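The values are calculated or read from the model by the stated rules, or taken from the named source; none is laboratory data. All values reported here derive from a predicted model rather than from experimental measurement. Cβ sites come from the backbone with ideal geometry, for glycine too, and all protein chains shown count toward neighbours.
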Amino acid sequence: MKQICPVETTLSLIGGKYKALILWHLSAGTLRFSQLQKTVTATPRMLTLQLRELENDGLISRTVYPEVPPRVEYAMTDLGRSLMPILTAIRDWGTEYLRGKDIEPNCFMMNDCCCE
């Protein structure tokens, strides 16, 4: 019988270099691809792959508007929003870890998100 681990499952959903960052940015509201591209340092191809995975896992939604040029917007789903306490806990743990090494964190995550 194959073991199914909830921690492994969660990490597979939010793991990867950019997924948690994408989710954190979307916690503040709906964003276009170009807006995400400015805030997440991934290549366009990698950002697209990460967004597709998050969408396929039901954590974000993608809306395409029939305009020229096409407008695509991304937003968190309720399932995605349910991860915010976990992401906040990760941020808080990392903050304490850095401060224990006399390093003051100064990234965008230090600002309040909409879900706290």
Review point. Which residues, taken from region 28-44, are of a type in the set (A, V, I, L, M, F, W, C) and touching a Leu at 6+ places or on another chain (Cβ under 9 Å)?
Key: F33, L36, V40, A42
Check your understanding: Quick check: anything in region 54-62 more than 15 Å from the chain's Cα centre (by Cα) and of a type outside the set (A, V, I, L, M)?
Key -> no
Check your understanding: Cβ-Cβ below 8 Å, separation at least six or inter-chain, first residue in region 54-78 and on the phi > 0 side of the Ramachandran plot, second modelled with pLDDT of 95 or more: which pairs?
Key -> G58/T77; G58/L79; G58/G80
Check your understanding: Looking at (1) modelled with pLDDT of 90 or more; (2) within 15 Å of Y18 (Cβ to Cβ), can you tell me which one Y97 breaks?
Key -> (2)
Exercise for review: Name the single residue, out of those in region 19-42 being hydroxyl-bearing (S, T, Y) and modelled with pLDDT under 95, that is nearest to R71 (Cα to Cα).
Suggested key: S34
Point to revise | So R99, is it over 22 Å from L13 (Cβ atoms) and touching a residue at least 40 places away in the same chain (Cβ under 8 Å) | key: no
Point to revise | Condition check for T9: modelled with pLDDT of 95 or more and either loosely packed, with under 11 Cβ neighbours inside 10 Å or over 13 Å from L87 (Cβ atoms) (or both) | key: no
